Amino acid sequence: MFRRSKEALIGGIIALGILLMAAVVTVAGILGVRITPYDPIQQDVGPPLAPPSLLHLMGTDNLGRDLLSRIIVATPNDVAVSLAVVGVALAVGAVIGSVAAFQGGLLDEALMRFTDVVFALPALVLAMAIGVTLGPGVTNMMIALMIIWWPPYTRLARGEALRVAHQNYIEAARLSGMGTARILFKHVFRSILVTLLVYATLDIGTVILVYSGLSYLGLSVKPPQPDWGEMVSSYQDYLIVAPWLPVIPGFIIALGVIGFSLLGDGIRDALEAR
Amino acid sequence: MNPFRYILRRLLFGILVLVAVVTVTFVLSRSLGGNTVVAWLGKSASIHPELAALYAKEYHLNDPIPVQYYYYVLNLLHGNLGFSPSRGFQPVAEVISITLPFTLQIAFFAFVISVVLGIVLGVLSAQYQHKPLDTCIRAFYLGGYSSPPFFVALILLIVFAFWFRLLPTGGAFDLSLTPPTVITGIPMVDAAIEGNWPYLLSSLDHVILPSIALALVTFGVLTRVLRSSLLDVMHSNYIRTARAKGLDENSVFFKHALRNAMISVVTISSLMVTWLITGTIFVENIFGYPGMGQYLVIALAAEDYPGILGVTIVFAVVIVITNLIADILYAVVDPQVRLG
């Protein structure tokens, strides 16, 4: 796949870089080791609003905190939220979708119409309203997004499960006396998983985008804890004197989204070509 | 399918979605701060217990839940969305009636720019497939739709308003000008009707950057779909037939291929519109544009719950209505629906 597509390779490198960074920061956090050049929360590690230099590769903010350190420690937030939201959506979607496909009839109709309605709800606005009710915080935003994120997975899973349902090996399993639940677990989930995983890879970027929006609106971390979206909104007041402050975190978000989109596209193209 | 039945079905579905939204906000309004009055009066409900009691009675907040739900919906239908603490307890509906027109102005221009840019670049990208121009266009739209709207808005603000000083840095019009009298409620339309040209020009000047910022994050959805469906269509049998009939390449492309590929564009446009409308929240905030999005950001910071819930409902209504329009448009363009 990577040999054929340079884009997928770039995407893969970016995505892997972000995942690795998140893993390293998390492990370092557990061990209590600081891996960033400076303490991300400590003020006056440099002069305030210093432009990028060798001492501070991304400059410093209004309180003299090192921007690079703040960006690094914020990585796990976006990664954790996107992986968790996509993971839960995938699991919920796989179950509802394949149950709907295998049961058919009224249950199928009811489940899918419900899915359609949730799918049509404006995701960001609703996640925001739910987030406000739950109160700000990374975990709460994760929950808010999980509540509304599953419908496309359900539709996809149902379509795939319907395709699988009429194949001979499922028929054989049924004739050998296997119950629907066991068929779903043993055969169906496995065969629809690839399609769902490809979609999920593409979707990680979208979750990062929407989460960064919620974070920008102040619904995620509490200051002084850093988060990419939150940094853009709290630094936008300095855009004349220190334009790099809001621009760099914004660029990092875009880079992450681009990475996962390219990777997802690459995987999909590779699978379709096969 | 019969086109009228199709439209009727979409209409009913839209209503169902609205019922779902209202049900969600109803549930949320009951979970805020442990006290339902908070959703109507904000946090000040706890400071004025007498007022809170009055409201609880007025809005039937101490009745059984089905009764509460009935009065909740009834209140919404009467345009009663509570009072907004962040706006000095102005009724939320009144704040929205002032701010929504500004949001619609940005959304309208962003939509037009998005569609024009999206179609032109989609066509070019498909015509020059795998050539450098195609690669550039793909990089451009990938960068656009992968960027958070606030990032694009900031870049445009820094470059065009602060560095080159070409366009205003914020606001919706020059505050020294007299606004037009309210006729339709949408300031630019009113200014045009009244012939208030200085105001109209100033409004246009102020709306350009925010709407371009928004269009840059949304046009990619359209370009991407148009490009891939054009490429699909160009390899289909009826295009080969059209070529075989001796039609020149231009009429094959524009009369046959593009017309067909536009169907998928209309299908995806509802997704684009949803992004576009939610994007106004961020773009308005960066440009200080006095629309509903900016009101929402202020309400969020002030924990102005009535404002937040009111804006949520109105955003949902706007999105449902625009999606419905897209559905009807779809019925018009797609012969499979139109001809039954």
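The values are calculated or read from the model by the stated rules, or taken from the named source; none is laboratory data. As the structure is a prediction and not an experimental result, all values here were calculated from the model. Neighbour counts are summed over all protein chains in view; Cβ atoms, including those assigned to glycine, are modelled from backbone coordinates with ideal geometry. Quick note on the areas: whole protein, heavy atoms, side chains included, nothing else; ligands and nucleic acids left out. Shrake-Rupley method; radii C 1.70, N 1.55, O 1.52, S 1.80 Å.
Here are the numbers for the structure shown:
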read-out	value
Any hit, the range A:21-36, residues being in a loop (DSSP other than H, G, I, E, B), closer than 19 Å to A:F251 by Cβ and modelled with pLDDT under 95	yes
Single unsatisfied condition, B:S211 versus (1) under 30 Å from B:T135 (Cβ atoms); (2) open to solvent by 20 Å² or more (accessible area, probe 1.4 Å); (3) more than 14 Å from chain A (Cβ to nearest Cβ); (4) in a helix (DSSP H, G or I)	(2)
Some residue of the range A:53-60 being touching a residue at least 40 places away in the same chain (Cβ under 8 Å) and part of a loop (DSSP other than H, G, I, E, B)	yes
All positions within the range A:225-263 that are in a loop (DSSP other than H, G, I, E, B), at the interface with chain B (Cβ under 8 Å from one of its Cβ atoms) and either among the charged types (D, E, K, R) or touching a Phe, Trp or Tyr at 6+ places or on another chain (Cβ under 7 Å) (or both)	A:I240
Subset of the range B:2-29 (residues that are open to solvent by 70 Å² or more (accessible area, probe 1.4 Å), in contact (Cβ under 8 Å) with a residue 12 or more places away in the chain and touching a helix residue (DSSP H, G or I) at 6+ places or on another chain (Cβ under 8 Å))	B:R10, B:L11
Tally of residues being touching a residue at least 24 places away in the same chain (Cβ under 8 Å) and away from every other protein chain (no Cβ under 11 Å) across the range A:215-224	4
Search result, residues across the range A:97-133 that are under 23 Å from the mean Cα position of the chain (by Cα), open to solvent by 40 Å² or more (accessible area, probe 1.4 Å) and modelled with pLDDT of 90 or more	none
Scan of the range B:230-250 for residues that are open to solvent by less than 20 Å² (accessible area, probe 1.4 Å) and small (G, A, S), ordered by number	B:A242
Meets criteria (closer than 18 Å to A:D227 by Cα, in contact (Cβ under 8 Å) with a residue 12 or more places away in the chain and open to solvent by less than 80 Å² (accessible area, probe 1.4 Å)) for A:L9	no
Top-ranked residue of the range B:144-185 - restricted to ones that are modelled with pLDDT of 90 or more and not in a helix (DSSP H, G or I), ranked as surrounded by the fewest Cβ atoms within 10 Å (Cβ to Cβ)	B:S147
Qualifying positions in the range B:185-212 - β-branched (V, I, T) and without any contact (Cβ under 8 Å) to a residue 60 or more places away in the chain	B:V189, B:I193
